Structure formats: C-alpha cells, structure tokens
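Presented below is the structure to which this report refers.
Just so you know, all these numbers are worked out from the coordinates, no wet-lab data involved. Every value quoted in this text rests on a predicted model; they were computed, and no experiment measured them. Reconstructed Cβ throughout: ideal geometry from the backbone, glycine too, with neighbour counts over all protein chains shown.
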Amino acid sequence: MTTIHDTLEALRESADARLAAAATIAELDEVEAATVGRGSPVATARRGLGQADPAERPALGRYINDVATEIAAKVAARRQELELAEANQRLAADRVDVTLPGRVPRRGTHHLITQTLEEMVDIFIGLGFDVATGPEIETAWHNFTALNIPETHPARAESDTLYVDWGEAEQTVLRTHTSPMQARYMMAHPPPVHVVVPGRAFRQDAVDATHSPVFHQMEGLAVDEGVNFAHLKGTLAHFAREFFGAGERVRFTPDHFPFTEPSAQMLVSCFACDGGGCRICSFVGWIEILGCGMVNPAVFRYVGYDPSQVTGWAFGIGVERVAAIRHGIGDLRHFFENDLRTLRQFV
Amino acid sequence: MKTTMRWLREFVDLPTEDPGELASVLDNLGFAVEEVRRIDAPFSGVVVGSVTVIRPHPDADSIRLATVDTGDRQVEVVCGAWNFDVGATIAFSPPGATLRDPDGNPFEVGERAIRGVVSPGMICSLRELGLGDDHTGILVLADGTPLGTDFASLLPYPDVMFDLEITPNRPDAMCTEGIARELAAHYQVPLRTPEVEITESGPPATVTVDLQDPDGCPRFTAREVRGVTVGPAPLWMRIRLEACGVRSLSNVVDVSNYVMLELGHPNHVFDRHRLGDRIVVRRAGDGERLETLDGVTRELTAADLVIADATKPVGLAGVMGGGDSEVSAATTDVVIEAAYFDPPTVLLTAKRHGLHTEASARFQRGMDPNNAERANRRVAQLLAEHAGGVAAPGAVDAYPAHIPPWQVELPLAEVERVTGRRFTSDEVTSILERLGFECQGADPLAVTVPTRRPDVREPVDLIEDIARLWGYDNFGDEVSLGYGGGLPAREQRLRKVRAVMVGAGYSEAQTFAFVGQADLDGLGLPADDRRRQGIAVVNPLREEEGVMRTTLLPGLLKAAANNLNRRVPDVALFEAGKVFIPAPDQAVDPDLPAQPDALAWVLAGPQGASWDGAAREPDVFDATGVWQRLAASLELGGAELRQASPPAMHPERSAEVMWEGSVFGVVGELHPNVAAAFGLEGRVAVGEIDLERVLATPPFWTFETPSSYPPVIFDLAFDCAAELPAAALVATVRRVAGPLLERLDVFDVFTGDQLGEGRKSIAVRLGFRAPDRTLTDEEMAPIRRAIAAAVEDEVGGMLRGEA
C-alpha cells in the first residue's frame, strides 16, 4: 500500500515536469488543480490527516504543508513566466511599422512677408519704437507733396504710380511707399517721434522676376532734438546685425531721395560669402538693403514741425527683397503666386 | 552715365590703377557703380607696317601681292584691297594675330595660300580689326607712324568703362568732367580742364538769333564753322564713344556727342545751308509740325519750346533736333548750338511727346547756363581738329539776363546738428572749395554756389556735400532709442488672428489688391451687391486688375484653383488684408475711402488622405468650425451663425455670422456655379468676415476654477422637426441646464423610418459638475425634466429616451 508519503513524493517529483509542460495559463491552472487544488493528492492527504496516528500527525501535517507550499511556489513562478510570455506575445502581435507616416497635426504657415515684417518690427520695438499702420489708398499730398516730391517729379507719372478714381482727379493714389505715414504720424504726434510703419505699397509695374505691382515695405522715422547722422548709422547698423547676423558689417553710400538729405543707401557685407563675392551679392561682397537719410527740412515744414528745433532720420526697406536675399528666392513672383508648395516652406 | 578710366585720367591724376578701388570711391561719393567693364582691343598681335612693293598676283586680276615692312622684316602678302599704294602705312597682322570675322567673332590669322600664293599674314580692314563695319578697303594709317609699333598701343586700349548711376539732383555729374571734379576733390589733387581755344577766320558769321522766349531759353549761343568734311571721326574718339554706349555716326555728330559726355552740356550741330540765316527761339504754334531726327512727325503745342528757322521749327528745344536741318555727308558749313533751357519746359515737352533723350535728361535736371558758350567753343575746336572746319568770327551769345552764382549762408552749428560731428571752418571750406564752391568768412560761412549746382539752395544741401566728401563711414555710430511705443493692440489682434488660422491648418496667402469685373461676375453677385461698387484704378496694369477689391474671395479662389491645377490637392488658404469701400473713412481721413481689414479662408480639394484613411471632401462644417475656433480665440461672446443663402454661397449649406446684432460675415460652401466659375471642383468651404470689427481688444477674461468633484453625465435624444436648427435646441438646453452644465456635445443626428417623414433626432450629451460637492442623480432628475419640458415647449422636440 502506498503511503501518503509515497504519493506526495511522487507528486513532488513529477511536479517540475508537469509545470514545465504547461504551455498556457489554462494548462497551468489544470496542473495547479491536479497538484495542490481541491481533489489533488495534497488535498486528499490533508483530508486523511485526521486518520493518521496522532503522534505522527504534526510531522505529517508539516510535511504535507511543505510539499504544498513548494509546489504552489513553483506554480506561481511558472505562472509569472507564462504571464510574461503571454504579455510579450500580445505586444508582439501589436507590432506595427513605425516608419509609416505619422499623423501630423495640421498646421498652416505665416506668409514669409508677414514673418519678415514681424521680425523687423520687433527689432525696433526692442528699441522703444512705436508701430503704426496707415491707408493703402492715400492722398497724393501725403504720398508726394508732403514728402517734398514736386508736381513735376517723374514718380508721379501714371507710368509709375497707380491712381484710383476717388475724389478730385489725380489726387488719390495707391501709396507708392510706406513713407506717407511719416507725414500722417508727425501730423498726429508732436515730437519726439520714434515709429516704424510696416505695410503694402503699389507701383505701376508689370509682374516679372524683379517687379511686382504690389510689394511691402517697412518705414522708420526718428525725430527729436539732437538726433543726427550718427544715430541713423548706429541704429540701422544695429538693425542689420539683428536681422542678418551679429557678424555683419555695414556700409553707407550717398544716395538721393526728395524727402531726406543727406540721403544714403545702407549695404551689408554679404552674409553668404562674408564680403568675398558670390552669386547672392552679384560678386561685389555687399548687398544693398535699404534707403535712408536725414529728414529733409522741407518735410518738417509740410507737417508743421519746426526744422530749427528738431532733426530726424528715416529709412525704408523692401520686405520681399530682404526676405529673398535671406532665403535665396530668385523670383519675386513666388511671393504672390500662393503656391502651397512655396507657402509650406515658410515654416 | 558712362565714362572710362583713361578719359578720367585726362582730367585728374588718379592715385590708383585698380578699377575696384576706384569703383569703391565712386560709390562712396554717391555715384553708384552699376557696371565696371574692361575695354580691350578687339584684335591682338597687329603691328604697324609700310607697303614697300606691290605686284600683280600671278593667277588673279582682282587681288595683288604687297610687300609689307614691319621694321624688322619684310613679308609678301596677298591683298584684295585697292585703296592704297606703295608707301602706305597700314595695320599688318602676322600669323598668330587675332582678328574678327564678319560676324564679329575672333579668329587667328594663319598662313594660307590664296590662288596658289601663300600669304604669311594680312593687311587689315577696319572690320577685320573689329573697329567698324568698313570693309571696302584696308585701314590706311597716318604717315610717319613708327614701323613695328603694336597697333593697339596707338589706340585707347586697354581701358575700363564705369557705368554710374547719377542721382537726379546731380546733373553736373552727368559727364566725365563732373565725375573727375568729384574724384579730384576726393583725392585732393587738381582738376585739369581742357584748353578750349579756337581760331576764327574768314568772313564774319551771318547767322542771326532771335531769342523770343528768354524764359524758356535764358541763353542761346550759335557759332558757324565753315569748310567741314563729313567723314569718320578719329578712331580713338569712336572707340571712346562706343565704350560709353554711343554709336559712332560721323565726325560732326561724334564731336557733338563727345562734348556732351565730356563737359556735360548738350549741343546741336545744324547744316548751315539747310538751316538758313535766321534762328528763332520761340514757342510752337498749336498744331505746328516737326519731324524729329528719329523720323517721327510730331504735332506741337504752344507749350513746346522750339528752335525754328525763318518759317518753321527745326528742333524741339533741349530734346531733339529735326530732320530737315540735319548734317549730311554733303554738309560743308555748320552752325553749333549750345543753349540753356528752362528745366520744367524741357521736362514737360519730353513727357508730352514721350521722347526722353540724353539731352532732355540733362536739361530737365538743370544744366549750367554759364557752361553753354564753353561747350559751343569746344565743339568748334574739335570740329577744327577732326573735321577740318574753321570757325567764323562773330559767334552769337544771346544771354539777355545773366544768371549769376548765388549764396547760401552756412552756420557751422547746423553742420554739427545734422551730421553729429563738429567741423572746423577750415575743414568745411576745404571740402567745399575742392568742389568749386567759394567760401568767405568763418562762421557762418558765406558760400557761393556755382551755377552748375542747381541742387544747392539751402544749408542742408551743402551739408550733404560735406558729409559725402568726409565719407559717410567716417561719422560716428549711436543708437536712437524711443520712449516706449510697442505693438498697438490692433496689431496684436491681427497677429493673433493669423496665429489662430495657422494653428487651424491654413496657410497665409498674399494676393494682389485688385479684382476685375469677371471676378465679381464669377461670384454671381447681384447688380446691387455692395461688393460690386469697387473703386476703379485709373491706370490699371491689366483690365482684369481694374478695380480695388471689395472682398478677398476672388484672390483666394484663384489661388486655390491654381494649386489644384498644379496637383496640390489639400488646399487650405487664408488671407488677412484690406478691402476698399467707396465711403469716406471717418476714422482715418475723410478724404479717403474706407479700407477695413478683412479675413477670408478657403478649403478645397480632398483633405486628410493618408495610408490609413481615405481623403475627405471639404464641407460647410469645415467652414463653420474655423469660425467657431475664431470666435472662441477672439472671445466673440454671443456671436452666432444663422442659416442663410447669401450671394456666391450654396443656398442650403451656408450661414451668416451674426455678432452684436448685425451680419459681419458668411461661412459655408461655395455655390457650385461660383466654384465652377473659378475652376474649382467639388465642395469648397469658405468664410469671410469683416475683421476690422473684431480688432478691438476685449477686456481681460476671468478665470473659472475647474471643479475637483466628479461629474454627472447623461444623454438626451429629441425627436424634432427636420427643419429645426440644432442651434435653437442647443440654446434651449443650455439655458435650462443652468450654471452647473459644464459640457454639452451634440453627438448624434439622424433621420429615418422609425422617426417618420419630416422628423429628425438630435442627441446631446450633457456633463454637469458643481464647484463644491458631488452631484447626485436625484439632484439632476428635476433638471432633466425641466430641459425636456422646455425643449418640447419652445422648439417642439420630444424626448426620445436616454441612451
């Protein structure tokens, strides 16, 4: 007759193999039931404990418990193994090709003109300048006369300036520059004045690679007592370094505009070749960036400022031009074709 | 304005040979260098030779054999020209020299046999030298030229041409002398001006000048030169003129042009006999006609100043001469005109006739009245030298009112006030005198302005010259700091609007501000639509850009169509910009039309195609969704959509945007006809709002603390009339639900047989949360009942049960 002892020893010896053979949690559950569950030899042994010799009972009880505990621990260990394997299997089944395109949250782009204008405006905000905008349909008086551009000046010709049918004939134009806001701003504000004017301007130019009837400018104006040519130079040089890079050198050459005198052209050393000469700078090492000058006393007289009291400097910069230079855009038409392949590059 | 390095050197000893350095100096003086070009001889290896023997070709009658002595050796070459004899000095190209073919392409001279005789080199024609078109014979040089001399060294080669941009305030710099004066001032070296001396002989001049309009022509000089022989100008002059972009025509015309480029003053040479005895300077009669040198017959007006003979105009003063009195090959006697014309008169005539010439460009900016006589003499001098003419005694100089130099008073403090640098009296005097101003006194300086400088009238004009000559780069650098300023609230709002649109996936477009009638027709706008009342452009570039835009839609729709045509499928564009309304702008300037900012957007083409989902066609809810995002971000409390059928829009899938009691925009789908008119296929979602109305900054929004208690969430489905706007039902639910309502989502809308004809189901999910406690279902029951009752009462929706 086999004893409890024999039975349990046999169970213990067979447990490892049976646990190893259990390939799933369900099989393991069966093994567990058959070894330590209800109806298992262990359970049978426990139930038979009462019939054992009372003297042997404690030892036998301990023995049964030891076997049960040992097998239960092995079951638990095997269970952990199997659970891990099953979890891994589930994850493996979840595998995808992560190199497929992601779901990119859709986002548009600001137009490069807007980005460039905002960047330029912000540089001057940093210097404590005000920002003003003004009408695009403008009076000929503000666009020309107040800026000391005489009646006979070729810029007023219909071949240069777009006129609109409003008010008296030839008195209303699509502003040809942002400069009329100089006059409007000064007429609305007593000196001192520090302001930049971003905006659109218009010319009678057919569209080609370097001309557009619609374009953008930023005007700047500083008027105060004691403002002089050194302020013009230093401020615009600061702007150029902020806008093009800290290492850029600037140069000023004389130019002529009716509304400033002395007038100048600001050039920056070519950021691409550092002045050595390359395609971007047409092999001269310098790039013309903006026109500027000391406000002509005649302009002060037109707007009601006293030129013996104040001096001022002003500049105007072409937005498309500097943006094109910075980003290598060789044809002005790209700014206005609104081709999304272009616009989406304006990150 | 073009000039050359060699020409400048005749006027000034330049301390540099480097064209780049000279260009930089010119830039810094304000004469922007647009081009620097090296001028090399079009030939090389050509030497001066002399013909010592000529004999017939053994096998050909039309060509000869000539022995050429080049000093160190003699060679016999074949020559087809007959315009020379033994003893002629010629240009000889030995093998290895480079000449030009009839097309102007270079070729290397070789040793080749011509009709059996080997010719080791050739005697050159002008065309072969690349110096002109003449190939009727070889070029015969002046006797006495040393044999063996490199022929190029006898001509102004090599040279460097500078093309300068002369600003309109500097007519005095539109010539070589003017530029040389500036360089002399810069380098602080003397300016050499040409010795203009002529010898007069023969009978006295007989031409008379009747100066009838001294306002239009304050000075008129006329000089007769007799016995000229019209022919080619000397090679050096032709080479120089052509380097400066002026085509050589004849010695007489070339001399006239040369003097203009040299001394600046335009002048004209008439055929003395075709002109007659009397020159009249007067205004034209209305309708009088003149055929100008360009062959165009022009009808004149009483505002045009003309040079006339006894009966008719012979030249448009300061602009262009006439054909009748033009110098021809047969001309022997000429009259040289050099005058000073009133700048506005010339400008208006040039403008009226659309005739802009080198002369008019100079006169309209202002020539020096006191340089006219000198220019006239210079022409006579060069005609004597190069055309064999002799000046007749007694030139006419009609100058009834002498124009003297004027004075400008210049306080030194003013120089400092503008430039920021304290100049001494000596420094200022030195600079200005180098430029030809005369200075007296110390402070203020009394500066006498030469009459060639019409731009200098005020102290600031002198300050400009001082600054230029001092060098802009030699002044200090300081930074102007404002007193605050910053981005105005309106601009901040505009930035926010753009950011919202970009965040919503739309890219910003920039379209032109013009539309055409076809665009407005394409939108299907009724005749009385205000968007048809655009402001016309008087001189549009193209008719289709003839009106200022009243809506941003045409520009955006065209941009959308262009993208789809280029196979860019998922179009999402917006634009924020001005539209132009023909009503006085009371806020900015009542003299101007209103120019409010508008915002529009368009979604066209299949959207959102990807490997795990099909693309979706845009529809009205894309448009209204953008609007909702805008309304939320811009805090447009109380704004709502109202189903409507506005022009251009799909009548059943569009809405008007209501805010503060009025319509200020439309959203929805484009009318299919409008989409088709703009070349767009499928549904197109668009919106446009009057942005100007929402650019005012709202007050600060106030924070609401999110509740930390759990919500009660339940769904309500209503059986309601199919035409009931969901917004009406939602509004009722929201109002009755009260302040505890945290969230409301419409999550299901359907129609079907189970509801019956004309009915639909709208289901909403409501989430309630209290700030201070956990809500219970019991608490919610009366609210739910109240909502159901109100929906039934107010909008006729029957509660279908709770999902």
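Could you work out the pair-distance distribution P(r) of chain B from its alpha-carbon pairs, with 10 angstrom bin width and percents rounded to whole numbers?
Reading the bins upward from 0: 2, 10, 13, 13, 12, 12, 11, 9, 8, 6, 3, 2, 0, 0.
Peptide A:195-208: average number of partner chain Cβ atoms within 10 Å per residue?
On the way: counts 2, 2, 0, 1, 1, 5, 0, 4, 1, 4, 1, 2, 3, 0.
Mean shielding count: 2.
Determine the shielding of peptide A:151-161 by partner chains: average, over its residues, the number of Cβ atoms on other chains within 10 angstrom of each Cβ.
On the way: counts 1, 6, 2, 5, 0, 0, 2, 2, 3, 1, 2.
For this peptide, the per-residue mean of nearby foreign Cβ atoms is 2.
So how compact is the protein assembly as shown: Cα radius of gyration and Dmax in angstrom?
45.2, 171
When a/c reaches 1.5 or more, the comparison of a/b and b/c decides; with that in mind, is segment A:128-280 rounded, prolate or oblate per its Cα gyration tensor? Spell out each step's value before the answer.
Details: a/c = 2.07, a/b = 1.35, b/c = 1.54.
Because a/c hits 1.5 or more and a/b fails to exceed b/c, segment A:128-280 counts as oblate.
Roughly speaking, what % of Cα-Cα pairs in segment B:661-803 are separated by over 19 Å, rounded to a whole number?
Details: 6664 of 10153 pairs.
Taking all Cα-Cα pairs of segment B:661-803, the fraction more than 19 Å apart is 66 percent.
Relative contact order of chain B, please, whole-number percent, based on alpha carbon pairs below 8 angstrom and at least 6 residues apart.
The value is 8 percent.
Taking the alpha carbon gyration tensor of segment A:197-237, what are the square roots of 5 times its eigenvalues, largest first, to the nearest whole Å?
Result for segment A:197-237: semi-axes of 31, 11, 8 Å.
Calculated from DSSP H runs of 4 or more alone, at -39500 (n - 2.57) each and per residue, what is the 222 nm mean residue ellipticity of chain B, nearest 500?
Numbers: 20 runs with 209 residues, N = 803.
Rounded to the nearest 500, it is -8000 deg cm²/dmol.
Other chains' Cβ within 10 Å of B:509-517 residues: what's the mean? Spell out each step's value before the answer.
Values: counts 8, 14, 4, 7, 8, 5, 0, 0, 0.
Shielding by partners across B:509-517 averages 5.
Any idea how far apart A:Thr145 and B:Arg38 come out in nm if each label point goes 7 Å out from Cα toward Cβ?
Each label point lies 7 Å from its Cα, and together they span 5.5 nm.
How do B:Ile239, A:Ile325, B:Ile179 line up, fewest other C-beta atoms within 10 Å first?
Listed from fewest to most nearby Cβ atoms, that is A:Ile325, B:Ile239, B:Ile179.
Hey, fewest Cβ within 10 Å first, where do B:Trp611, A:Trp313, B:Trp659 land in order?
So the residues, fewest neighbours to most, are B:Trp611, B:Trp659, A:Trp313.
In vacuum, with every alpha carbon of segment A:50-126 counted as one equal point scatterer, what does the Debye formula give for log10 I(q)/I(0) at q = 0.24, 0.28 Å⁻¹? Two decimals, please.
So the normalised log intensities work out to -1.07, -1.15.
Run through segment B:611-664 and list the GluC sites (Glu not before Pro) located in a DSSP loop whose Cβ has at most 15 other Cβ atoms within 10 Å.
Hits after loop and neighbour filter: B:Glu635, B:Glu660.
Return a whole-number percent for the relative contact order of segment B:119-219, with Cα pairs under 8 Å and 6 or more residues apart as the contact set.
Value for segment B:119-219: 10 percent.
Starting from 0.36 nm per residue, how many nanometres of slack lie between A:Arg47 and A:His153 once their C-alpha separation is accounted for?
Additional length available on full extension: 26.2 nm.
How fast does segment A:205-304 diffuse by Stokes-Einstein, in µm²/s, taking the Kirkwood radius from C-alpha pairs at 20 °C and 1.002 mPa s?
141 µm²/s
Mind sorting A:Val319, B:Val379 by how few other Cβ atoms lie within 10 Å of their own Cβ, fewest first?
Fewest-to-most ranking of A:Val319, B:Val379: A:Val319, B:Val379.
Across 5 Å bins from the origin, how do the percents of Cα pairs in segment B:668-740 run, short distances first?
3, 9, 10, 9, 12, 15, 15, 14, 7, 4, 1, 0
If you take the C-alpha gyration tensor of segment B:241-352, multiply each eigenvalue by 5 and take the square root, what semi-axes do you get, largest first, in whole Å?
Working: eigenvalues 102, 60, 31 Å².
Semi-axes (√(5λ), whole Å): 23, 17, 13.
Taking N as the number of residues in segment B:146-212, what is its alpha-carbon radius of gyration divided by 2.2 N^0.38 Å?
On the way: Rg = 19.8 Å, N = 67, 2.2 N^0.38 = 10.9 Å.
So segment B:146-212 has a normalised radius of gyration of 1.82.
Tell me the Kirkwood hydrodynamic radius of segment B:1-86 in angstroms, computed as one over the mean inverse distance between distinct C-alpha pairs.
It works out to 17.4 Å.
Which residues in segment B:307-334 place their backbone N less than 12 Å from a point set 7 Å from the Cα of B:Arg278 along the Cα-to-Cβ direction?
Answer for segment B:307-334: B:308-312.
Quick one: Cα centre-to-centre distance for segment B:487-533 and segment B:309-349, in angstrom?
That distance is 56 Å.
Amide H to amide H under 5 Å from A:Val284: which residues, 5+ apart in sequence or cross-chain, H placed 1.01 Å off N in plane?
Close amide H contacts, sequence-distant or interchain: A:Cys278.
May I have the pair-distance distribution P(r) for chain A, computed from all Cα-Cα distances with 20 Å bins from 0 and rounded to whole percent?
In whole percents, the pair-distance histogram is 23, 32, 8, 9, 16, 11, 1.
Just how many % of Cα pairs in segment A:65-218 lie over 24 Å apart, if you round to the nearest whole percent?
Numbers: 7036 of 11781 pairs.
Taking all Cα-Cα pairs of segment A:65-218, the fraction more than 24 Å apart is 60 percent.
In a Gaussian network model over chain A where Cα atoms closer than 10 Å are linked, find which of A:Arg78, A:Arg249, A:Arg200 has the largest mean-square fluctuation.
Result for chain A, Cα springs under 10 Å: A:Arg78 fluctuates most.
In vacuum, with every alpha carbon of segment A:294-342 counted as one equal point scatterer, what does the Debye formula give for log10 I(q)/I(0) at q = 0.14, 0.17, 0.32 Å⁻¹? Two decimals, please.
-0.56, -0.61, -1.16
Provide Rg and Dmax in Å for segment B:409-485, with only Cα atoms included in the calculation.
13.8, 47
Could you tell me how many cubic angstrom of Cα convex hull volume segment A:1-160 has per residue?
290 Å³
If the cut-off is 29 Å between C-alpha atoms, which lysines fall inside it for B:Lys496, apart from same-chain ones fewer than 8 positions away?
B:Lys558, B:Lys578
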